[in-house]
Amino acid sequence: MYQLIAIDLDGTLLNSYGVVTDRTKQTIKKCIDKGIEIVLASGRPNDSIEAIAKEIGAEHYFIAGNGALIYDIKKQKVIYEKYMSKEKVLEIIKLCEQNSISYNVYTDKTILATSLKYNVLYYHKENLKKEESKKTHINIVDDMYTYVKQMQEEKFLKITICDTNSNVFNAIIRKMKQIKGIDILEVSHMSRKIIKQGTEDVPIEYYYTEISLQEVDKYNALQFLQKKLNIKNEETIAIGDNMNDKKMIQKAGMGIAMKQSCPAIIEVADYVTEGNNEDGVAKALENFVKLDR
């Protein structure tokens, strides 16, 4: 029987509008009622994940920053951490500024950005539908390098880089690979999200990558939780859709990919469920967890 289920957020648990459907909430509740540990594993910062965790009743642990930290919700403290140094973050910021490419800096508390574009615009639109306590905190700053340099006691999770032009995007990735001590997420496809503009659905499409400290990965964090909770790997399900989910889908006892996942994720998954707009997570759990017994 499965004892631990790790679930990605964007493109997996959340539909294209950033919502967890009622069917998915009810299915997750049945899992929790059976004593199964539900752990959200996302690239988002703490506050954004914690709000969703509480919404679905998964109130023990979550993984943030693509595995940079594990947070104990009950004790309100970090129990596992692998942060980027300020020096490394400044080095990456400088390269982004020199090449005039859009980027965001994720700390454990907030997303730092110079404008509302791409993924940050999506989170901003998502915030408009939420009460204050459930919003993703976004801080728009004019001079990112100076702002970060002057920050005190901040914990840096990752940096995202975005652009609509594949040539510009690929050029910056080649330059980033010259920086030592970091991992660069290999994403070759465009990210596609939907926001509401009045009564219209407006797609947001962009190339992106995520940069973190070397060896930061959702599965490495998941292994820490398995050991802490005395849960075997074969008792673990991992569900996701993107390259930052690849290792946990490949290595977990049961790796499940969403239908709209990139080909590299489909290839390593044990099972492919429906898409995030068709209650794919709920259908996968209904298929692999004996909820009626």
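From LEU157, LEU222, LEU229, grab the single residue that is farther than 21 Å from LEU14 by Cβ and either in contact (Cβ under 8 Å) with a residue 60 or more places away in the chain or buried (at least 20 other Cβ atoms within 10 Å of the Cβ) (or both). Talk me through it step by step, then tell me what you get.
Values: LEU157 fails: farther than 21 Å from LEU14 by Cβ; LEU222 fails: farther than 21 Å from LEU14 by Cβ.
Checking each option against the conditions leaves just LEU229.
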Just to be sure before I move on: is ALA264 in a helix (DSSP H, G or I) and either farther than 21 Å from LEU14 by Cα or of a type outside the set (Phe, Trp, Tyr) (or both) in the structure I sent? yes
Among SER115, SER133, the single one that is in contact with a helix residue (DSSP H, G or I) (Cβ under 8 Å, 6 or more places away or on another chain) and among the small types (Gly, Ala, Ser) is SER133
Checked SER100, SER48 against criteria (in the same structural domain as GLU200 (by TED's automatic domain parsing), out of contact with any Asp or Glu (no Cβ under 7 Å at 6 or more places or on another chain) and not β-branched (Val, Ile, Thr)); the one match is SER100
Expected single match for closer than 30 Å to ASP163 by Cβ and either part of a helix (DSSP H, G or I) or touching a Cys at 6+ places or on another chain (Cβ under 9 Å) (or both) among ILE38, ILE32, ILE49 is ILE49
Residues of segment 52-62 being assigned to a strand (DSSP E or B) and either among the hydroxyl-bearing types (Ser, Thr, Tyr) or over 18 Å from GLN76 (Cβ atoms) (or both), in sequence order, are TYR61
When segment 77-93 is checked residue by residue, the ones that are part of a helix (DSSP H, G or I) and either of a type outside the set (Lys, Arg) or free of Cβ contacts under 8 Å to residues at least 24 places away in the same chain (or both) are GLU87, VAL89, LEU90, GLU91, ILE92, ILE93
If we keep only residues of segment 265-283 that are hydrophobic (A, V, I, L, M, F, W, C) and crowded, with 18+ Cβ neighbours inside 10 Å, then the residue nearest to LYS246 (Cα to Cα) is ILE265
Of the residues in segment 12-48 that are without any contact (Cβ under 8 Å) to a residue 40 or more places away in the chain and either in contact with a Lys or Arg (Cβ under 7 Å, 6 or more places away or on another chain) or small (Gly, Ala, Ser) (or both), the one that is surrounded by the most Cβ atoms within 10 Å (Cβ to Cβ) is SER42
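The rows are residues; the columns are (1) touching a residue at least 60 places away in the same chain (Cβ under 8 Å); (2) among the aliphatic types (A, V, I, L, M); (3) in the same structural domain as THR21 (by TED's automatic domain parsing).
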site: ILE239; (1), (2), (3): yes, yes, yes
site: ASN242; (1), (2), (3): yes, no, yes
site: GLY253; (1), (2), (3): yes, no, yes
site: ALA257; (1), (2), (3): no, yes, yes
site: GLY275; (1), (2), (3): no, no, yes
Original post:
What do you reckon, is THR21 over 23 Å from GLU234 (Cα atoms) and over 10 Å from the mean Cα position of the chain (by Cα)?
Top reply: yes
For CYS96, the lone unmet condition from (1) outside any strand (DSSP E or B); (2) surrounded by fewer than 20 Cβ atoms within 10 Å (Cβ to Cβ) is (2)
*Within segment 129-144, can one find any residue that is modelled with pLDDT of 95 or more, of a type in the set (A, V, I, L, M, F, W, C) and in contact with a Lys or Arg (Cβ under 8 Å, 6 or more places away or on another chain)?*
no
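The values are calculated or read from the model by the stated rules, or taken from the named source; none is laboratory data. A quick note: this is a predicted structure, and the numbers were derived from the prediction, not measured. We place every Cβ from the backbone using ideal geometry, glycine too, and count neighbours over all the protein chains shown.
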